[in-house]
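Read through the structure below, which is laid out as structure tokens, and then see the notes.
The values are calculated or read from the model by the stated rules, or taken from the named source; none is laboratory data. As the structure is a computational prediction, the values presented were derived from the model and not from experiment. Positions of Cβ are backbone-derived with ideal geometry, glycine not excepted, and every protein chain shown enters the neighbour counts.
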Amino acid sequence: MQITDANAKELFASGKLVMVDFWATWCGPCKQMGPIVEDLAAAYEGRAIIGKYNVDENEELAAQFGIRNIPTFIFVKDNAVVDKAVGAVGRAALTELIEKNL
């Protein structure tokens with residue numbers, strides 16, 4: 001799922017856990033995490049919203065969360081940030097954060 005400045009507020013208000021992957025096409029570690037994020041999105045479909053936010057195409061959300069390094073993963077539930085991970089952290093770390101915050 002693509003998360004953009006236009007749809008983020010609606011997603012955050014859904015009541016579900018939302019994992020936002022802040023990334024860019026030129027970022028090597030972001031590309032490395034891409035397939036993992038896609039697999040997690042499929043695995044948690046219906047239970048959580050997992051999507052990618054391109055920092056080169058959008059700016060508001062990245063500025064709101066003070067994103068300075070990518071990849072950064074922000075976990076939002078009920079319009080509040082509940083967790084965060086920075087860097088190519090791997091599948092196990094992201095799964096642990098998702099499970100902890102569901």
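Only one entry of V37, V55 meets the criterion of being β-branched (V, I, T), under 15 Å from I3 (Cα atoms) and in contact with a helix residue (DSSP H, G or I) (Cβ under 7 Å, 6 or more places away or on another chain), and that entry is V55.
For region 13-27, filtered to residues that are over 14 Å from V55 (Cα atoms) and modelled with pLDDT of 95 or more, the residue that is farthest from the chain's Cα centre (by Cα) is K16. The set of residues in region 66-80 being more than 11 Å from the chain's Cα centre (by Cα) and within 20 Å of G15 (Cβ to Cβ) consists of K77, D78, N79, A80.
Pick from region 1-19 the residues that are under 14 Å from E60 (Cα atoms) and hydrophobic (A, V, I, L, M, F, W, C): which of them is surrounded by the most Cβ atoms within 10 Å (Cβ to Cβ)?
I3
In the list G51, G15, G28, G87, which residue meets the criterion of being without any contact (Cβ under 8 Å) to a residue 60 or more places away in the chain and on the phi > 0 side of the Ramachandran plot? Steps first, answer last, please.
Details: G51 fails: on the phi > 0 side of the Ramachandran plot; G15 fails: without any contact (Cβ under 8 Å) to a residue 60 or more places away in the chain; G28 fails: on the phi > 0 side of the Ramachandran plot.
Going through G51, G15, G28, G87 in turn, the sole match is G87.
Just name the residue that is nearest to A41 (Cα to Cα) out of those in region 51-96 that are touching a Leu at 6+ places or on another chain (Cβ under 8 Å) and among the charged types (D, E, K, R). Once the filter is applied, the top-ranked residue is R91.
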